[in-house]
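Visitor: What follows is a structure written as structure tokens; I'll ask about it next.
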Amino acid sequence: MKARSALHIFATLTAAAIITTTASAQMLNSGSDKQPAPLPQGILLYGTPNAGAPPEQVIGTRLIRVVRNVVDPTLTPFLPDPAKATGAAVIVAPGGGFVILSIDNEGYKVAQWLADHGVAAFVLKYRTMETNHDPAANAAGTRKMFQGGATNANNVLKTPDTSMADAEAAVRMVRGRAAEWKIDPKRVGFIGFSAGAMLTLDIGFDQDTSVRPDFIALIYGPFGPRDVPADAPPMFSAIAVDDPLLGKTNLELILAYRAAHRPVEFHWYEKGGHGFGMQTKGTTSDIWIDEFYTWMKDRGELTAK
């Protein structure tokens, strides 16, 4: 596994996981539609399930779900109507501090929008760090993890090797089955949210260029200092100024992209907070996906090369 730069954002991304988990648990206990629907059956990245492992857990409502304790990574295709298909593909990596995955807001809803607009999309359910399967104990344990990350200098969040391996396997699968899914293997992008954006950046800078996506998108991800390869993929990026977790940034990553003379587009919305995903908030952050689509179109990613 390739070495990756440590990013000192353990506290912020774990805090996001706590917030999302708590909100989902509250939704699970309120309203008339309490039980989360089962997740779509994805394609196992490695062919066979992890025998004997405890099952993953889905919490939330039928429309807003998160998943934790993922041990069997999958890829779920959302393929466009052939009449609309552009031949482009995007792998979607939800966020959640590598503890949970915001699978609807930053996964399936994103993929469905892209498919509706002619882009084949694939939701990556990558492996997460193990947490207590008891909901009450898990909440306390995650809170303790956050407190440790906030005070202990040794608690530095890095993309887990398992998550990185899953991202690499996902790119290989999409390119390897390009003919079956009627996509161009040279127009495969990767988009991630929060911790998923960390994963996106790492796969985008992977030393194994055979698994690098052709373009990447970071949505409220880390914009701190990073060495940008001379052949780094074009990058779309967006974050809200009022993001309480990652909004205080000096944009070193954007400047490094410019210094490396690599294509980059950046959107800094006045409002939107953290985790806006596919939510409608009545702010300019609502149109990030339209702007991502326009960026792909302007770059020629939606037409055969």
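Visitor: Give me the net charge of Tyr257's neighbourhood, meaning all other residues with Cβ under 14 Å from the Cβ of Tyr257; Lys, Arg count +1, Asp, Glu -1.
Guide: Details: positive: Arg226, Arg258, Arg262; negative: Asp227, Asp231, Glu252, Glu265.
That sum, taken over residues with Cβ under 14 Å, equals -1.
Visitor: Continuing with this model, one more query. Would you tally the net charge around Ser194, using a Cβ to Cβ cut-off of less than 12 Å, leaving Ser194 out, and scoring K and R as +1, D and E as -1? Mind showing how you got there, number by number?
Guide: Details: positive: none; negative: Glu106, Asp243.
Cβ neighbours under 12 Å give a net charge of -2.
Visitor: Note the full-extension length gain between Ile287 and Lys248 as 0.36 nm times their separation in residues minus their Cα-Cα distance, in nm to one decimal. Don't skip to the end; give the middle numbers.
Guide: On the way: separation 39, 0.36 × 39 = 14.04 nm, distance 2.15 nm.
So the chain would gain 11.9 nm between Ile287 and Lys248.
Visitor: Any idea what the alpha-carbon Rg over 2.2 N^0.38 Å comes to for the stretch 232-297?
Guide: The reported ratio for this selection is 1.15.
Visitor: Give a residue-ordered list of calculated ³J(HN,Hα) values for the stretch 81-86 (Karplus: 6.51 cos²θ - 1.76 cosθ + 1.60, θ = phi - 60°; whole Hz; x for Gly, Pro).
Guide: 4, x, 5, 9, 4, 9
Visitor: Once you have the Cα-Cα distance between Asn132 and Asp116, take 0.36 nm times their residue separation minus that, and quote the gain in nm to one decimal.
Guide: Working: separation 16, 0.36 × 16 = 5.76 nm, distance 3.75 nm.
Residue separation times 0.36 nm, minus the Cα-Cα distance, leaves 2.0 nm.
Visitor: Same structure again: Order of 58-67, 241-250 by packing, highest average Cβ count within 10 Å first?
Guide: 58-67, 241-250
Visitor: Apply the Karplus parameterisation 6.51 cos²θ - 1.76 cosθ + 1.60, with θ equal to phi minus 60°, to every residue of the stretch 232-246 and state each ³J(HN,Hα) to the nearest whole Hz, in sequence, with x for glycine and proline.
Guide: Working through the residues one at a time gives 4, x, x, 10, 9, 8, 7, 7, 9, 4, 8, 4, x, 9, 10 Hz.
Visitor: Rank these for me by crowding, Asp72, Asp290, going from fewest to most other beta carbons within 10 Å.
Guide: Ascending Cβ contact count within 10 Å gives the list Asp290, Asp72.
Visitor: Pop out the ³J(HN,Hα) list for the stretch 276-292 in order, Karplus 6.51 cos²θ - 1.76 cosθ + 1.60 with θ = phi - 60°, rounded to Hz; leave Gly and Pro as x.
Guide: Couplings: 5, x, 9, 6, 9, 10, x, 10, 5, 5, 4, 9, 4, 6, 5, 6, 5 Hz.
Visitor: Say R0 is 41 Å: what FRET efficiency, to the nearest 0.05, do Asp298 and Gln57 get from their beta-carbon distance?
Guide: Between Asp298 and Gln57 the formula returns 0.50.
Visitor: Starting from the 7 Å offset along Cα-to-Cβ, what nm value, one decimal, do you get for the label separation of Thr280 and Ala165?
Guide: With each label placed 7 Å out from Cα toward Cβ, I get 4.3 nm.
Visitor: For the peptides 120-131, 167-178, what is the packing order when you average, over each peptide's residues, the other Cβ atoms within 10 Å and list the highest mean first?
Guide: Peptide ranking by packing, descending: 120-131, 167-178.
Visitor: Would you calculate the separation in nanometres between label points at Asp227 and Arg172, each defined as 7 Å from the Cα along the Cα-to-beta-carbon direction?
Guide: Reported label-point gap for Asp227 and Arg172 is 2.5 nm.
Visitor: Under 5 Å between amide H atoms, partner at least 5 residues away or on a different chain: which partners does Gly95 have, H built in plane at 1.01 Å?
Guide: Under 5 Å from the amide H of Gly95: Ser102, Phe193, Gly196.
Visitor: What is the sum of charges around Ile219, taking Lys and Arg as +1, Asp and Glu as -1, for the other residues whose C-beta is under 12 Å from the C-beta of Ile219? Intermediate results must be reported in sequence, preceding the final value.
Guide: Details: positive: none; negative: Glu106, Asp243, Glu291.
With Lys, Arg at +1 and Asp, Glu at -1, the neighbours total -3.
Visitor: While we're on this one: Tell me which residues come under 5 Å, amide H to amide H, from Glu265 once H is placed; ignore anything under 5 positions away on its chain.
Guide: Hits under the 5 Å cutoff: Met235, Phe236, Ser237.
Computed from the coordinates by the stated procedures, all read-outs in this text should not be read as laboratory data. Keep in mind that this is a model prediction, so the values were computed, not measured. Ideal geometry is used to build each Cβ from the backbone, glycine not excepted, and the neighbour counts take in all protein chains shown.
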